[in-house]
Amino acid sequence: MKTDELVVLLATGVEPVERHPVGRRHAVAMGLGLIGAGALMLILLGLRPDLGDAVRLPMFWVKLAFVAGLAWASLLAAMRLSRPGMALAWVPAALVAPALAIWVLAAFVLAQAAPVERPGLIFGATWTSCPGLIALLAVPVFVAVFWAMRGLAPTQLPLSGAAAGLLAGSLGALVYCLHCPELAAPFLGTWYLLGILIPALVGGLLGPRLLRW
Amino acid sequence: MTEQVHFDSTEARLRHALLQGRDGDAVAYHGFLNALTAHLRAYFRRRLIALPDEVEDLVQEALLAVHNQRHTYDAGQPLTAWVHAIAKYKLVDRLRRRAGKERLTDPLDAVLENTAELFSTADGEAAEARIDVHKLLAQLPERQRVPIVRTKLEGLSVAQAAMATGMSESAIKVGVHRGLKALAALIKGET
């Protein structure tokens, strides 16, 4: 077929495209992924029994803000990377900011604490299970966000996969907050971050394979 | 100075035509694709001096990609950047596939990049690709092939095509959409 004929074929009877496809697709994916992660958390782990008391602690909300900040920045990154030629601009800085903030807080908490209390602040009671459980809760979101990206046009595949994984990890951690009893900043800055980075790493590795178009 | 003015006016004109095309204006969209074809051909020809036979294949592959992904263009971003990212992605993807086949070393380093250059030159010569979209079309399942043939080759409206085939209007639309995506995938498989 001559290229001119292909152009005619493509232009003939062209239908209007849907509005805001990038935002819509990611919103649908996040909704479905969160439902999946929430169901998984309720079935396998359950809510923390003292959730009613925990919501009165400022640190509970600091923890939510830390995870939500990561989720927001990685959503922005995933959306930008879904469009060819869209620069990330200031988004990497927004991604680093929540991690830096929690580290500063953690350093402050550790400096204030007596030396014997420090290991407890870092390891808590659940450090062995925390990263793995966050990565597990991230799985439904991971699948959904990769589905969303496959319908768009990422051109930097490892980076796009990593952003999708980071979004999945931070939303998984957001759901995990409703189960997890840990509130110490040093714990969050270590094990939460590690749990969130597992799906990001997996996403970065799988991106070139799963996101090709 | 004049080159910059030419570039800006090309960018504005093409962007306007694409946005109109996205709202369903087939005439504007045809103009957009036509102009884009010439820019893409010049772009690929300059980068594939050693592989002139591949140029038209890539032009068609990139056109199909631009069409299938046109919903991902943000009206606030420069059109050049969007088109350039797609053209480069398709070029790199094809060179990788070739390298995988021929066990060549990675040829990507040889590809020089300059985003703005894409709209500053054009090559309007019509040409035939080695891949044949007609033949690829014949490989599609009926529920995708028939809607494309009716609406895109015979020029029927969606309603007319639905009437003529007994398919629902939404089945026609979905068939065209999925069929063109499948076509893009087939082109990749061929090369």
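The values are calculated or read from the model by the stated rules, or taken from the named source; none is laboratory data. Computed from a predicted model, the values in this text were never measured in an experiment. For neighbour counting, all protein chains shown are included, and Cβ atoms are generated from backbone atoms with ideal geometry for every residue, glycine included. In case anyone asks, the SASA skips ligands and DNA or RNA and just uses the protein heavy atoms, side chains included. Shrake-Rupley method; radii C 1.70, N 1.55, O 1.52, S 1.80 Å.
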Query raised in the report: Cα centroid distance between the range A:60-89 and the range B:22-86, in Å?
Result: 30
Report summary line: Between the Cα axis of helix A:193-210 and the main Cα principal axis of chain A, the angle (0 to 90°, nearest 10) is 20
Query raised in the report: So how tilted is helix A:91-112 from the main axis of chain A? Cα-based, degrees 0 to 90, rounded to 10.
Result: 0
Query raised in the report: Which far-off residues, 5 or more places away or on another chain, put their amide H under 5 Å from the one on A:Ala113, with H placed in the peptide plane?
Result: none
Query raised in the report: What are the ³J(HN,Hα) values, in whole Hz, obtained from phi via the Karplus relation 6.51 cos²θ - 1.76 cosθ + 1.60 with θ = phi - 60°, for each residue of the range A:150-157 in sequence order, with x given for Gly and Pro?
Result: 5, x, 10, 9, x, 10, 9, 5
Report summary line: Which of B:Thr37, B:Thr80, B:Thr72 fluctuates most in a GNM of chain B (C-alpha springs under 10 Å)? That residue is B:Thr72
Query raised in the report: Dipole of the protein assembly as shown, Cα-centred, from +1 at each Lys and Arg C-beta and -1 at each Asp and Glu C-beta, to the nearest 20 debye?
Result: 680
Requested in this report: Could you pull the Rg and Dmax for chain A, using just the Cα atoms, both in Å?
Outcome: 20.0, 77
Query - Approximate spin-label separation B:Gln4-A:Trp72, in nm, with each point projected 7 Å along Cα-to-Cβ - result: 3.8
Query raised in the report: Roughly how many nanometres apart are two label points built 7 Å out from the Cα toward the Cβ at B:Arg178 and A:Val28?
Result: 1.4
Query raised in the report: Which whole-Hz ³J(HN,Hα) couplings does the range B:36-50 yield from phi under the Karplus relation 6.51 cos²θ - 1.76 cosθ + 1.60, θ = phi - 60°, glycine and proline marked x?
Result: 5, 3, 5, 5, 5, 4, 4, 4, 6, 4, 5, 8, 10, 4, 7
Requested in this report: Enumerate the amide H contacts of B:Asp25 below 5 Å, restricted to partners 5 or more residues apart or on another chain; note that Pro and chain-start residues carry no placed amide H.
Outcome: none
Requested in this report: Kindly provide the helix-only [θ] at 222 nm of chain A, computed as the sum of -39,500 (n - 2.57) over DSSP H runs of four or more divided by all residues, to the nearest 500 deg cm²/dmol?
Outcome: -23000 deg cm²/dmol
Report task. With a 1.4 Å probe and every protein chain kept in, tell me what percent of the accessible surface of the protein assembly as shown is carbon plus sulfur. Result -> 64
Query - Only Lys, Arg (+1) and Asp, Glu (-1) charged, at Cβ; chain B dipole about Cα centre in debye - result: 680
Query raised in the report: How high is the relative contact order of chain B, in percent, counting Cα pairs under 8 Å that sit 6 or more residues apart?
Result: 24
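Could you tell me which of rounded, prolate or oblate describes chain B, using a ≥ b ≥ c as the square roots of the eigenvalues of the alpha-carbon gyration tensor, with rounded for a/c under 1.5 and, failing that, prolate when a/b is larger than b/c and oblate otherwise?
oblate
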Query raised in the report: How many square angstrom of accessible surface are buried between B and A, both sides summed, with a 1.4 Å probe and rounding to 100?
Result: 3600
Query raised in the report: For labels at A:Val55 and A:Ala89 in the simple 7 Å Cα→Cβ model, what's the distance in nm?
Result: 3.5
**Report entry** ³J(HN,Hα), Karplus 6.51/-1.76/1.60, whole Hz, each residue of the range B:133-150, x for Gly, Pro
**Finding:** 4, 4, 5, 5, 4, 5, 7, 6, x, 4, 5, 9, 5, 4, x, 5, 4, 5
